[in-house]
1. When you go through I42, I108 one by one, which is the residue that is closer than 20 Å to G324 by Cβ, assigned to a helix (DSSP H, G or I) and under 25 Å from the mean Cα position of the chain (by Cα)?
2. For segment 318-334, how many residues meet the condition of being outside any loop (DSSP other than H, G, I, E, B), open to solvent by 40 Å² or more (accessible area, probe 1.4 Å) and in contact with a helix residue (DSSP H, G or I) (Cβ under 8 Å, 6 or more places away or on another chain)?
3. Which residues, taken from segment 161-191, are of a type in the set (G, A, S) and modelled with pLDDT of 85 or more?
4. Here are the criteria: (1) assigned to a helix (DSSP H, G or I); (2) closer than 18 Å to A267 by Cα. Tell me which single one T165 does not satisfy.
5. Scan segment 125-160 for residues that are more than 20 Å from A206 (Cβ to Cβ), open to solvent by less than 30 Å² (accessible area, probe 1.4 Å) and at pLDDT below 80 and jot them down.
6. For segment 165-188, does any single residue satisfy the condition of being open to solvent by less than 30 Å² (accessible area, probe 1.4 Å), of a type in the set (V, I, T), touching a Ser or Thr at 6+ places or on another chain (Cβ under 7 Å) and at negative phi?
Amino acid sequence: MSRGPHFAVVRTPAVSFRFRPRALVVAALCLAAALGTGVLLIGSGDFPMSPADVVRTLAGRGSPADSLIVNEIRLPRVAAALAVGAALGLAGAIFQSLVRNPLGSPDILGFSQGAATGVLAVIVLTGAGSVAVAAGAAGGGLLTGLVVYLVAGRHGAHGQRLILTGIGVAAILTGVNGYLITQAQITDAARAVLWLTGSLDGRDWADAAPVIAALAVLGPLVLAGCGRALRMLEMGDDAAHGLGVPIERVRVLLLAAAVLLTALASAAAGPVSFVALTAPQIARRLTRTAGPNLLPAACMGAALLVAADWAAQRGFPGHQLPVGVVTGLLGGGYLVWLLVTERKTGRM
């Protein structure tokens, strides 16, 4: 193994790969924090359990009552929070790296709204279950991504043009979503409004499974297959092309992966705001390294969302808030701070 100023290289007879030790440490700490908070969240509630009892039950050594509460009632919600947070963190890191702007997140670019439109259409028109909702979210998100990409143009699929196009599409889709709610039955409208806020209430394995599957497939593809190309793209198209990166193919592949992750995360928990915006930036500040920081951003997203869900359930005695309310309050403050910081540094 050899070392550079910010990275280490491992070479074997079959393969050679490079990693940043600090980034791996940050990712591991964020993952540990996410899992630890998840254990605390599973153990809290009307039937409290100690962390040791939760771990014992997860290992299959709990009582039948404990197993029912942990594995069937509470674990699916925590698993959904971890998977949705990781998907949003990873998608946010991809978007911000592609557009080379810290404001490049699916919340702002319109992809979350596109997924919401697909889900609302399914809820209002068919009232179908989790599988149809996930399909509607994926279809709405991918269609929105295609529209934004085509309107921005091949040479505008990064930077300010893509952001401005996304903001415009998001505004249009917000109006469409409002119209769809007015056409729904009262029960479907109430379900849709709660979903639009961003909520993990009542989530089961059927809700969590699509986003977990997407992470299992797209995570390694993005991290191992496109990580180097994404770092090269951050240097500019000319430099990336000179280094042999197939720019358009990689950009379309990464955009599709990020849009699909966002859409399925929205299907599982609604369009939870600001996680995709804040997780990559916090991860970058902790790693103190340039580049997309994909793995730390994913782990940070998981930690942020499960912590927000804990705050939503336990931070306000007598009340349980939708997790989207907590992320909106915290993320809105972060966005204001980010805009002020960017303006002071002359980037805006």
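The values are calculated or read from the model by the stated rules, or taken from the named source; none is laboratory data. These numbers come from a predicted model, not from an experiment. Glycine also receives a Cβ, built like all others from the backbone with ideal geometry; neighbour counts cover every protein chain displayed. To get the accessible areas, we keep the full protein, side chains included, count just its heavy atoms, and leave off ligands, DNA and RNA. Shrake-Rupley method; radii C 1.70, N 1.55, O 1.52, S 1.80 Å.
1. So the residue among I42, I108 that is closer than 20 Å to G324 by Cβ, assigned to a helix (DSSP H, G or I) and under 25 Å from the mean Cα position of the chain (by Cα) is I108.
2. Number of matching residues: 2.
3. Answer for segment 161-191, where residues must be of a type in the set (G, A, S) and modelled with pLDDT of 85 or more: G166, G168, A170, A171, G175, G178.
4. So the condition that T165 fails would be (2).
5. Of everything in segment 125-160, those that are more than 20 Å from A206 (Cβ to Cβ), open to solvent by less than 30 Å² (accessible area, probe 1.4 Å) and at pLDDT below 80 turn out to be A152, G153, G156, A157, G159.
6. For segment 165-188, residues open to solvent by less than 30 Å² (accessible area, probe 1.4 Å), of a type in the set (V, I, T), touching a Ser or Thr at 6+ places or on another chain (Cβ under 7 Å) and at negative phi: present.
Listed here are the residues, each with its yes/no results for (1) in contact with a helix residue (DSSP H, G or I) (Cβ under 9 Å, 6 or more places away or on another chain); (2) on the phi > 0 side of the Ramachandran plot; (3) at pLDDT below 90; (4) surrounded by fewer than 22 Cβ atoms within 10 Å (Cβ to Cβ).
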site	(1), (2), (3), (4)
A279	yes, no, no, no
A283	yes, no, no, no
T289	yes, no, yes, yes
C299	yes, no, no, no
A308	yes, no, no, no
A311	yes, no, no, yes
F316	no, no, yes, yes
